[in-house]
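Quick note: the coordinates plus some simple rules give every number you see, no bench work behind them. In this text, all values refer to a predicted model and were calculated from it rather than measured experimentally.
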Amino acid sequence: MNDNLGLFYYPVLHNRKVRMYVRPGIEEIEFRMWDQDDKSLWEEHGWVPWSAIQQAAELYRSEKRQGLPPLHMYDIEIAKRLIRDFVADDLN
């Protein structure tokens with residue numbers, strides 16, 4: 001999907017108030033979260049490259065924390081598809 005902030009998907013399927021925006025960065029795909037109930041999230045947190053998300057998930061696992069690492073919100077395959085489809089639409 002696409003709106004005035006860019007390409008996005010819903011990282012939590014049952015919660016349409018949270019969106020994950022994606023864009024092609026200089027070297028890799030970047031992510032940025034938006035939450036309808038927390039507008040400051042967009043302003044306080046910038047674009048995060050995929051490699052930084054992976055590093056954070058590894059750190060989370062190495063500390064043996066409980067639950068899922070934050071990686072579950074960031075889907076690189078969906079991001080790739082959104083970007084690829086958007087570029088294809090622009091070419092047509």
So how compact is the chain: Cα radius of gyration and Dmax in angstrom?
13.9, 48
What angle, in degrees between 0 and 90 and rounded to the nearest 10, separates the Cα long axis of helix 50-62 from the longest principal axis of the Cα atoms of the chain?
20
Residues meeting the amide H criterion for TYR74 (H placed from the backbone, H to H distance under 5 Å, 5 or more places apart or on another chain) are none
